[in-house]
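What follows draws every value from the coordinates through simple rules; no lab data is involved. What you are looking at is a predicted structure, and each value in this text was computed from that prediction instead of being measured. Backbone-built Cβ (ideal geometry, glycine too); neighbour counts: all protein chains shown.
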Amino acid sequence: MAEIIELKNVSFSAQEGIIIDDVSIEFKTSKTTAIVGPSGGGKSTVLKLSAGLLVPDQGEILYKGKNIAFMNPAENLEFRREGAFVFQDSALWANQSLFQILELPLKIHYPEMSDKQRGERIKSVTELVGYRKNLNIRPAGLSMGEQKLIAFARAMLCGPSLLFLDEWTESLDETAADRLIDIVRRKKKEGTTILFVSHDLRIIMDLADYVAVIIDGKLSVNEPKDQVMSDPQFKEFLKIGIAS
Ligand SMILES: Nc1ncnc2c1ncn2[C@@H]1O[C@H](COP(=O)(O)OP(=O)(O)OP(=O)(O)O)[C@@H](O)[C@H]1O
Ligand SMILES: [Mg+2]
């Protein structure tokens, strides 16, 4: 059976040149893959391509064996509901309140929900991530860490079975980070497929089943974590090049 997400010979360029160069990778269903590599190497771009948020110049991106470029609207909606993304910069709408930001995915994916049910769901996910302040303010009123909590809460709203997490504990204190790590650990146990980018070796060691290394827009390795970590070259690279 096809894996949940597969990239086949994917390339992506911007005006400045090639950002992702002929990457082929499959992300195994119900497994957690850490995408690691030096800054500017293309980790966020690979994650966005995998989630269908960027369109490749060449190659194919498959979701459960189907090219996402050719999915019909119903299939596309299912992909959007199952997959949830936490952006490196949180990407909260500047001109909406936190409540409105959290309300929108529920309105799209669960139009039958009442206002009361939506309110309860939003309360439960914000409590889950440990955000206890006002939801009627805009993102500009939050610290970077608080924005991350709201971005993470947004990703949890629709009960995703596929999670894309980009530097999802950055800017958080240890307690808040541990809380999110715990949530991801539980999602992993439930069988959620997780693709995450992190520079934190502790998190990679804790959560990853596979480690994919992206350097200069190219996939260098995608192997079980223990195999990558037992390779002295990558072990050293992960410690010095990434986790420092
Ligand atoms: N839309 C874009 N237009 C132009 N250049 C881009 C675009 N997106 C990414 N880049 C460039 O592509 C390269 C890879 O960016 P990307 O954000 O994927 O790296 P990264 O590995 O996630 O880095 P970091 O660890 O700093 O988050 C960078 O040089 C970046 O400037
Ligand atoms: Mg990045």
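In table form, for the structure just shown:
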read-out: Radius 12 Å from Cβ of GLU170, net charge of other residues (Lys, Arg +1; Asp, Glu -1); value: -4
read-out: Relative contact order (%) - criterion: Cα under 8 Å, at least six apart; region: the range 5-242; value: 30
read-out: Tilt relative to the chain, helix 115-129 - C-alpha long axis, 0 to 90 degrees, to 10; value: 50
read-out: For the range 82-117 versus the range 168-224, the gap between their alpha-carbon centres in whole angstrom; value: 23
read-out: Share of alpha-carbon pairs per 5 Å distance bin for the chain, given as whole %; value: 1, 6, 14, 18, 19, 17, 13, 8, 3, 1, 0, 0
read-out: Length-normalised contact order of the range 12-69 in % [C-alpha pairs under 8 Å, at least 6 apart]; value: 28
read-out: Listed residues PRO73, PRO224, PRO56, most fluctuating in the chain (Gaussian network, C-alpha, under 10 Å); value: PRO73
read-out: Within the range 12-52, trypsin sites (Lys or Arg not before Pro) in DSSP loop having at most 16 other beta-carbon neighbours inside 10 Å; value: LYS28
read-out: Share antiparallel - DSSP beta bridges, the range 5-242, percent rounded to 5; value: 55
read-out: Rounded to 10°, Cα long-axis angle of helix 174-189 versus longest principal axis of the chain; value: 80
read-out: C-alpha long axis of helix 144-156 to longest principal axis of the chain, angle in °; value: 90
read-out: Where a label projected 7 Å from the Cα of SER124 along Cα→Cβ would reach, residues of the range 73-110 with amide N under 18 Å; value: 82, 102-110
read-out: Label zone at ASP206 (point 7 Å along Cα-to-Cβ), backbone N below 17 Å, the range 164-189; value: 165-189
read-out: GluC sites (Glu not before Pro) within the range 102-177: DSSP coil, no more than 13 neighbouring Cβ in 10 Å; value: GLU112
read-out: ASP57-SER220 pseudo-label distance in nm [points 7 Å out on the Cα-to-Cβ vector]; value: 2.3
read-out: For GLN58, residues with placed amide H under 5 Å, excluding near neighbours; value: SER11
